[in-house]
Amino acid sequence: MGAAAALHSAACYAHGKFANGMLYPITLSAVISLSGWLPCSRTLRSKTESSHMAARRASSLPILLSHGRVDEVVSYRNAERSVDTLRNSGFLYLNFKSYNGLGHYTIPEEMDDVGKWLSSRLGLDRSR
């Protein structure tokens, strides 16, 4: 559920509001989703298209989606649909990484990729 919460947070950040209408008070720098899915896919596109600010936030938010091709909990197809919905909703700074043979767990290769991506997006790799 953490990945779904992360992607829902990305949608709320872009829209500027939670689903209940309350203002979203946090500025996100990056979002990571491991073996997850996008819970608000039916309404996301209309929300980002209805506001210039939402479209701007969506297009500039870095998102990494990582998913195993043999995930037995959240199907790989759900991950692909989430990526398609995010891209079609204006989330352009999106990286989708898949792993052959990976189920609903992590492996060192995936964690290395997450660390490299996050360091790069947050500028941590330039601090040395």
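The values are calculated or read from the model by the stated rules, or taken from the named source; none is laboratory data. These figures come from a predicted structure and were not determined experimentally. Every residue, glycine among them, receives a Cβ derived from its backbone with ideal geometry; neighbour counts consider all protein chains shown. Note: accessible area is taken over every heavy atom of the protein model, side chains too, but ligands, DNA and RNA are not part of it. Shrake-Rupley method; radii C 1.70, N 1.55, O 1.52, S 1.80 Å.
Among TRP37, TRP117, the sequence by solvent-accessible area, most first, with a 1.4 Å probe is TRP37, TRP117.
Taking 24 Å as the straight-line reach from the Cα of LYS17, the lysines in range (excluding those fewer than 8 positions away in the same chain) are LYS47. Compared with the direct C-alpha span, the chain from VAL114 to MET22 gains 30.0 nm at full extension, assuming 0.36 nm per residue. Of the residues GLY16, GLY115, GLY103, the one that moves most in a GNM of the chain with alpha-carbon contacts below 10 Å is GLY115. Cross-link reach is defined here as a Cα-Cα straight distance under 17 Å, omitting same-chain residues fewer than 8 places apart; for LYS116 the lysines meeting it are LYS97. Apolar share of the accessible surface for the chain: 52 percent from carbon plus sulfur atoms, 1.4 Å probe.
With protein chains left intact and a 1.4 Å probe, residues in region 1-122 average 54 Å² of accessible area per residue. A Cβ-based charge dipole, computed about the Cα centre of the chain with Lys and Arg at +1 and Asp and Glu at -1, lands at about 540 debye. Put TYR76, TYR105 in order of accessible area, highest first, and with a 1.4 Å probe you get TYR105, TYR76.
Counting only DSSP beta bridges whose two residues both lie in the chain, roughly 10 percent are antiparallel.
Of the residues MET1, MET53, ranked by 1.4 Å probe accessible area with the largest first, the sequence reads MET1, MET53. Accessible surface of THR43, taken over heavy atoms with a 1.4 Å probe and every protein chain present, rounds to 60 Å². The Rg/Rh ratio of region 1-122, with Rg taken over Cα atoms and Rh as the Kirkwood radius over Cα pairs, comes to 0.97.
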